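Enquirer: Okay, handing you the structure first.
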Amino acid sequence: MTTHAEKRNLPYTPQQLFDLVADVSSYPDFLPWCMSCHIKKQHDDVIYADLIIGYKMIREKFGSKVTLNSPSHIHVEYLSGPMKYLSNYWKFIEEEDGSCTIDFFVDFEFKNIILQNLMGVFFSEVVRRMVSAFEGRAKDLYGDNSLDQKS
């Protein structure tokens, strides 16, 4: 079992950050190691998607169910792929100044013990890079500080 929890305060609204994370089909445009995304089905606030994640010669397909509770919460359930299980959520908490604190959590275990042990060594750095990629995407979409634009 490998877990990672992280909180970050960003100068964007919860709705902006929710929209960014909910745009699963854009992940290959900015998310490290995300090679492709296929939306299999979308109904109301639920998305079924397959992501291909890869690095060098390793390629794995992850099937997931993404439940959207705008603008405060996104929950990802693992459906298929190389994992025993995966649970992931994003919470978007509005602060008094209008900024948003992101509460990110992921917990997973690979079926393959060798892959699990290898991933465990690099996991914290991988997740930090992925969360930073979302932050960079927010800057690209909304500028350095979208709260300044509201004034």
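The values are calculated or read from the model by the stated rules, or taken from the named source; none is laboratory data. On a predicted model such as this, the values are computed, not experimentally measured, just so you know. For neighbour counting, all protein chains shown are included, and Cβ atoms are generated from backbone atoms with ideal geometry for every residue, glycine included.
Listed here are the residues, each with its yes/no results for (1) closer than 22 Å to Pro14 by Cβ; (2) in contact with a Pro (Cβ under 9 Å, 6 or more places away or on another chain); (3) in contact (Cβ under 8 Å) with a residue 60 or more places away in the chain.
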residue: His73; (1), (2), (3): yes, no, no
residue: Val76; (1), (2), (3): yes, no, no
residue: Leu79; (1), (2), (3): no, no, no
residue: Met83; (1), (2), (3): no, no, no
residue: Ile93; (1), (2), (3): yes, yes, yes
residue: Glu96; (1), (2), (3): yes, no, no
residue: Ile113; (1), (2), (3): no, no, no
residue: Arg129; (1), (2), (3): no, yes, yes
residue: Ala133; (1), (2), (3): yes, yes, yes
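Enquirer: Out of the residues in the range 58-70 meeting the condition of being basic (Lys, Arg) and surrounded by 15 or more Cβ atoms within 10 Å (Cβ to Cβ), tell me which one is modelled with the highest pLDDT. Before you say what the answer is, go through the steps one by one.
Expert: Restricting attention to the range 58-70, the residues satisfying the condition of being basic (Lys, Arg) are 59, 61, 65.
Right, trim to surrounded by 15 or more Cβ atoms within 10 Å (Cβ to Cβ) and you get 61, 65.
Values: Lys61: 93, Lys65: 97.
Filtering the range 58-70 for residues that are basic (Lys, Arg) and surrounded by 15 or more Cβ atoms within 10 Å (Cβ to Cβ), the one modelled with the highest pLDDT comes out as Lys65.
Results for (1) among the aromatic types (Phe, Trp, Tyr); (2) modelled with pLDDT of 95 or more; (3) touching a Lys or Arg at 6+ places or on another chain (Cβ under 8 Å), shown as yes or no for each residue.
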{"site": "Met1", "(1), (2), (3)": "no, no, no"}
{"site": "His43", "(1), (2), (3)": "no, no, no"}
{"site": "Lys56", "(1), (2), (3)": "no, no, no"}
{"site": "Ser72", "(1), (2), (3)": "no, yes, yes"}
{"site": "Ser87", "(1), (2), (3)": "no, no, no"}
{"site": "Phe92", "(1), (2), (3)": "yes, yes, no"}
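Enquirer: Can I ask one more? Of the residues that sit in the range 77-123 and are of a type in the set (Ser, Thr, Tyr) and surrounded by 13 or more Cβ atoms within 10 Å (Cβ to Cβ), which one is nearest to the chain's Cα centre (by Cα)?
Expert: Looking at the filtered set, the residue picked out is Tyr89.
Enquirer: Filtering the range 1-17 down to residues that are in a loop (DSSP other than H, G, I, E, B) and of a type outside the set (A, V, I, L, M, F, W, C), which residue is farthest from Asn145 (Cα to Cα)?
Expert: Of all residues in the range 1-17, those in a loop (DSSP other than H, G, I, E, B) come to 1, 11-13.
Adding the requirement that they be of a type outside the set (A, V, I, L, M, F, W, C) leaves 11-13.
Working: Pro11: 5, Tyr12: 7, Thr13: 10 Å.
Checking each candidate, the answer is Thr13.
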